[in-house]
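Right, one structure below, let's go through it.
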Amino acid sequence: MLDVLVIGGGNAALCAALTAREAGASVRLLESAPRAWRGGNSPHTRNIRCMHDAPQDVLTDAYPEEEFWQDLKKVTGGRTHEALARRVIRDSHHVRGWMQRHGVRFQPSLSGTLHLSRTNAFFMGGGKALVNAYYRSAEALGVEVRYQSPVQHVDLDDDGRFLAAVLDSGERVEARACVVASGGFESNRHWLREAWGRNERGEWPADAFLIRGTRYNLGVLLKDLLAQGCDAVGDATQAHMVAIDARAPLYDGGICTRVDAVSLGIMVNRDGRRFYDEGEDFWPKRYAIWGRLVAQQPGQVGHCIIDAKAVGRFMPPVFKGEEAGTLEQLARQLGLPEAAFIETVRAFNAACREGTFDHAVLDDCHTEGLAPAKTHWARPIDTPPFRGYTLKPGVTFTYLGLKVDEAAAVHRGDRPSPNLFAAGEVMAGNVLGQGYTAGVGMTIGTVFGRIAGASAAQAARATIGLAA
Ligand SMILES: Cc1cc2nc3c(=O)[nH]c(=O)nc-3n(C[C@H](O)[C@H](O)[C@H](O)COP(=O)(O)OP(=O)(O)OC[C@H]3O[C@@H](n4cnc5c(N)ncnc54)[C@H](O)[C@@H]3O)c2cc1C
């Protein structure tokens, strides 16, 4: 019988498969996508957040455990499991050596709004190169990879023990242990609609959502396992959601649809009004809340407005925004109510208290007597040409997931399964109850992928021991 079955084909699944194989287990990986689209959201990624006490090749200075933990605690508002979070943080210290042994290469970050050179290691060639390297390594080590193999059901016994996976084709695959790494449910539009419901304006906000990554993360196994009584963590409306270029395609727009200028300007809604502090914190700690904020606005739309002073200070978006010599003209081009928009900019400009502008620190440029305030990097929007980008909510991944413990064992009735483990987005909600800090998705998937792979190999060995 097969030792370890891994369901999913992204970063977490590959880390689990490689680790289980290194531990001597026979491993099969089932990926629902065809080969050309393999890897789920992982090919879209660029970096991983890692703790370190001293400079480590591409990572500058130090990013100690406590600082990483405080960052996570702050962005999640405390909705995180400390023991699991600290495990993720501690293991991120040494995980890159293992990644390099499987062919992943790193490069330093660029400068700009991202502020990441200290905390995040960038993948040379992006997540696509990382995924390709892992598949190459997995195949070389003898992991059996099957594409176009969506699993629809996982068969458990009364003790939560994994028995077999049932594919859409009806095929039943038995194994001594299983790792579920099948992502979130962000591509399941029906489920998103149900979770977000109808708002007081009679809108179904989720109908306006774009999906930044794969179309294959439908949450089939998450739903299946929750229906079988596995314990849930998180809330179905919590997700990593970015406000992205409204012209993005429905799926797989990836990072080229990002607009990283929000903290340098103001954001207004369809009515031309501001609705949140654009300078609350560094962009990597805030970009993932703006999709949700825009989702709560009328028409689920936002417009990021900057002036010439901001140009050159953020990663230029791939697609040009609207540009105009006057704010009135910009309002017309963006379809905004002119008078309301001009009044918003006037009130904002009048409230700006300029100190020493420095986008690399939480500077002292802020507004006074304005609601909502802009607490950092507040400078009047007064220098033409003015630019505007129309943005819509872009879901990256959802946080509702399977409850796990430090061995990555899936819990049912608060008891760990002896041989069913979970890694990646499908359990990220244990660490991320809300909010996000850049690069932590890959940290969770890599660390828990490796834990789940090791646990599954051990569980398979234990089963053989029992049988013998
Ligand atoms: C545009 C974009 C940019 C991102 N950038 C970063 C970044 O720079 N750093 C970072 O840390 N995170 C980033 N993320 C988040 C990151 O992608 C995820 O945290 C991470 O890739 C999750 O890995 P995973 O293996 O859990 O899921 P995925 O990589 O999504 O893999 C899930 C896999 O499961 C398969 N699958 C789904 N259902 C089934 C089924 N029923 N049967 C079989 N297979 C199934 C899918 O086809 C897919 O292969 C980004 C995401 C996006 C969309």
Gyration tensor (alpha-carbon) shape descriptor, region 240-394, a/c threshold 1.5: rounded
Ranked list, fewest to most other Cβ atoms within 10 Å of each Cβ, for S263, S149, S182: S149, S263, S182
For region 263-308: rounded, prolate or oblate by the Cα gyration tensor [a/c cutoff 1.5]: oblate
Cβ-based charge dipole, region 240-394, positive-most Cα from W283, P393, V259: P393
Contour excess over end-to-end distance, with Cα ends at R136 and H190 and 0.36 nm allotted per residue: 15.9 nm
Gained length - I255 relative to R353, 0.36 nm times residue gap less alpha-carbon distance: 31.9 nm
A371-R332 pseudo-label distance in nm [points 7 Å out on the Cα-to-Cβ vector]: 3.5
Residues F275 and H94, FRET efficiency given R0 of 35 Å [Cβ-Cβ distance, rounded to 0.05]: 0.25
For the chain: relative contact order, % (alpha-carbon pairs under 8 angstrom, 6 or more apart): 24
Environment charge at P249 (Cβ cut-off 13 Å; Lys +1, Arg +1, Asp -1, Glu -1): +2
Relative compactness, region 133-187, computed as alpha-carbon Rg over 2.2 N^0.38 Å: 1.31
Dipole of the chain, positive end: most advanced residue of A54, G453, A239 [Cβ charges, Cα centre]: G453
Value at 222 nm in deg cm²/dmol, rounded to 500, when DSSP H runs of n ≥ 4 in the chain each add -39,500 (n - 2.57): -8500 deg cm²/dmol
Distance between modelled label sites at A83 and M1, nm, 7 Å Cα→Cβ extension: 2.9
Size of charge dipole - region 240-394 - debye, nearest 20, with Cβ of Lys, Arg +1 and Asp, Glu -1, no other charges: 360
Length released on extending from K309 to D53, taking residue separation times 0.36 nm less the Cα-Cα span: 88.5 nm
D382 versus A129: modelled label distance in nm, points set 7 Å from Cα along the beta carbon direction: 4.5
Most to least packed among 242-250, 150-158 [average Cβ atoms within 10 Å]: 242-250, 150-158
Segments 418-427, 184-193, 400-409 sorted - mean Cβ within 10 Å per residue, highest first: 418-427, 400-409, 184-193
By average C-beta atoms within 10 angstrom, highest first, the peptides 346-355, 35-44, 70-79, 380-389: 35-44, 380-389, 70-79, 346-355
Nearest-0.05 FRET efficiency for V166 and A407, computed from C-beta distance (R0 35 Å): 0.90
Neighbour cut-off at most 13 other Cβ (10 Å), DSSP loop, chymotrypsin sites (Phe, Trp or Tyr not before Pro), region 279-332: F319
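We did not get these values from a lab; they are worked out from the coordinates using the rules stated. Note that the structure is predicted; figures quoted are calculated from it, not measured. Cβ atoms come from the backbone with ideal geometry, glycine included; neighbour counts cover every protein chain shown.
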